[in-house]
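The values are calculated or read from the model by the stated rules, or taken from the named source; none is laboratory data. These numbers were taken from a predicted model, which means no experiment stands behind them. Cβ atoms come from the backbone with ideal geometry, glycine included; neighbour counts cover every protein chain shown.
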Amino acid sequence: MRKEQGLHHIIENYQVSRAKACKILNCSRSRFYYQKKMPAKDLVVKEAIQSVMGNTRKGRNKIIRLVQKLYPFLGSSKIRRVYVKEGFSLTRRMRRRIKNNPANPILVPLQRNEEWAMDFMCDVLENGRRFRTLNIIDHFNRECLCITIDFSLPSRRVTALLDRLIENYGKPKRIRTDNGPEFTSKWFQLWLKQKQIAWSPIQKGSPQQNAIVERFNRTYREDVLDANLFVSLDHARELTMKWCWEYNHEREHESLNYRTPIAYAA
């Protein structure tokens, strides 16, 4: 590597030929033209990784499990080596240091409807108009209870949606949210009081205290919002509905011991 850098430095700064530069540094001229080729055995592993990855980003352990389902004869160490070497690794984000203990830590419940989590997201249509999504999950098995998409989602729409979910899934004991205006409004607080549901707000400026739904939001954004160009709200709703079914019934979760939310609840 150092000789290659020296060759380029001599050619660019002293305007000599490649042959003379190689003679000065006592190296072969083939160094300019040789390109490393991937071995055939690694090429098979790379194609297998690309086939299971598709258009979405997946972690190393999940890729290894998916590849070995299709190709049981491939070892995990070989898949890991090609996965890292070919640049499929996910970028690690530096964690911010938290000086104080979280004011409202997450407790993973042992049964359904102990605690739900809600959060808003936003994206744009093809014509540039912004829309919002309201994501609701159950902390027990990470099941996606609902993703509602519309241009406006005020607190009255939020409570109406929660009423329908309660009819289908039962009433939760707590609902964890941030301190957005839809959740701090008088209408939402009055609805909680009437339904006898506890409000579990996170500390301001601390989204990590709502980490489960934040992790869900990241997966939804990578798989649906960032992967598609929506022409209308109905288009976004259709793709979201298909993804939610796959997320609950087919997608294995490492936090659930590699089981789907529906299988874990059962």
Options Gly54, Gly128, Gly87: the member that is more than 20 Å from Ser200 (Cβ to Cβ), within 17 Å of the chain's Cα centre (by Cα) and either of a type outside the set (D, E, K, R) or buried (at least 16 other Cβ atoms within 10 Å of the Cβ) (or both): Gly54
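Quick one: which residue in Ser185, Ser206 is over 21 Å from the mean Cα position of the chain (by Cα) and farther than 26 Å from Arg65 by Cα? Walk me through it before giving the result.
On the way: Ser206 fails: over 21 Å from the mean Cα position of the chain (by Cα).
One residue alone meets the criteria, Ser185.
Let's see how each residue does on (1) out of contact with any strand residue (DSSP E or B) (no Cβ under 8 Å at 6 or more places or on another chain); (2) among the charged types (D, E, K, R); (3) within 22 Å of Pro109 (Cα to Cα):
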{"position": "Asp138", "(1), (2), (3)": "no, yes, yes"}
{"position": "Val158", "(1), (2), (3)": "no, no, no"}
{"position": "Lys171", "(1), (2), (3)": "yes, yes, yes"}
{"position": "Leu190", "(1), (2), (3)": "yes, no, no"}
{"position": "Trp199", "(1), (2), (3)": "no, no, yes"}
{"position": "Gly205", "(1), (2), (3)": "yes, no, no"}
{"position": "Tyr220", "(1), (2), (3)": "no, no, no"}
{"position": "Ala227", "(1), (2), (3)": "yes, no, no"}
statement: Looking across the stretch 178-198 at residues that are assigned to a helix (DSSP H, G or I) and of a type in the set (D, E, K, R), the single one that is surrounded by the most Cβ atoms within 10 Å (Cβ to Cβ) is Glu182
query: Scanning for something among the aliphatic types (A, V, I, L, M), over 20 Å from Gln209 (Cβ atoms) and modelled with pLDDT of 90 or more, does the stretch 102-121 turn up at least one residue?
result: no
- prompt: What number goes with the only condition from (1) surrounded by 15 or more Cβ atoms within 10 Å (Cβ to Cβ); (2) in a strand (DSSP E or B) that Val158 does not pass?
  reply: (2)
field: Complete set of residues in the stretch 57-84 that are among the basic types (Lys, Arg) and surrounded by 13 or more Cβ atoms within 10 Å (Cβ to Cβ)
entry: Arg57, Lys58, Arg60, Lys62, Arg65, Lys78, Arg80, Arg81
